[in-house]
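The values are calculated or read from the model by the stated rules, or taken from the named source; none is laboratory data. The model shown is predicted, which means the values in this text are computed figures rather than measured ones. We place every Cβ from the backbone using ideal geometry, glycine too, and count neighbours over all the protein chains shown.
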Amino acid sequence: MTNDVLLRDVTVDDLPILFEHQRDPDANRMAAFPARDREAFMAHWEKILGDETVTTKTILFDGQVAGNVVSWDESGEHNIGFWIGKDYWGKGIATRALSAFLGLLEQRPLYAHVAKSNAGSSRVLEKCGFTVCREHEVDTDRSDETIEELVMKLGPKDGDEAAWAPL
């Protein structure tokens, strides 16, 4: 074991593993995001992989698929998100993977939306330079439930301050 964390393009062969990662009830609770059934998951990823404006990477840990990291534009903001399989939690994999991924992206600022109760993901984002820029409540599929969400922001790369203005 070398504890290597590597990024590579997502392939169709990764999807069954990523599907299983997103089905974990503990992960769903932490992320405050419901699991998709296989058909919905595969359709979602087919759309993602077909969109040239979306950047996707599979996270490998010691050669095994440990998760994914993605960036996309939505509502005028450039967003990032990541999902790590439960077997890989607590090993620093998410922090190392996100740090490497951020080095591939030129866009700034970047935003990440995270459930306020998801301390692990918030900590990963903080270690990578993100700070909380706002909080709000998000409606869920259940009409009687909302989720408190943090929006975290990563500002400009060094020397790029003139191109960035805080919210």
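Here are the numbers for this structure:
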quantity	calculated
In the range 65-99, the residues that are small (Gly, Ala, Ser) and crowded, with 16+ Cβ neighbours inside 10 Å	ALA66, GLY67, SER71, GLY81, GLY85, ALA94, ALA97
Whichever residue in the range 1-16 is β-branched (Val, Ile, Thr) and either part of a loop (DSSP other than H, G, I, E, B) or under 17 Å from GLU39 (Cβ atoms) (or both) and, among such residues, is nearest to the chain's Cα centre (by Cα)	VAL10
Residue in the range 41-59 that is modelled with pLDDT under 95, crowded, with 16+ Cβ neighbours inside 10 Å and assigned to a helix (DSSP H, G or I) present	no
Count of residues meeting criterion [under 18 Å from MET30 (Cβ atoms) and either surrounded by 12 or more Cβ atoms within 10 Å (Cβ to Cβ) or in contact (Cβ under 8 Å) with a residue 40 or more places away in the chain (or both)] in the range 129-138	3
Residues satisfying the stated conditions in the range 1-30, i.e. surrounded by fewer than 13 Cβ atoms within 10 Å (Cβ to Cβ) and under 18 Å from SER99 (Cα atoms)	ASN3, ASP4, ARG8, ASP9
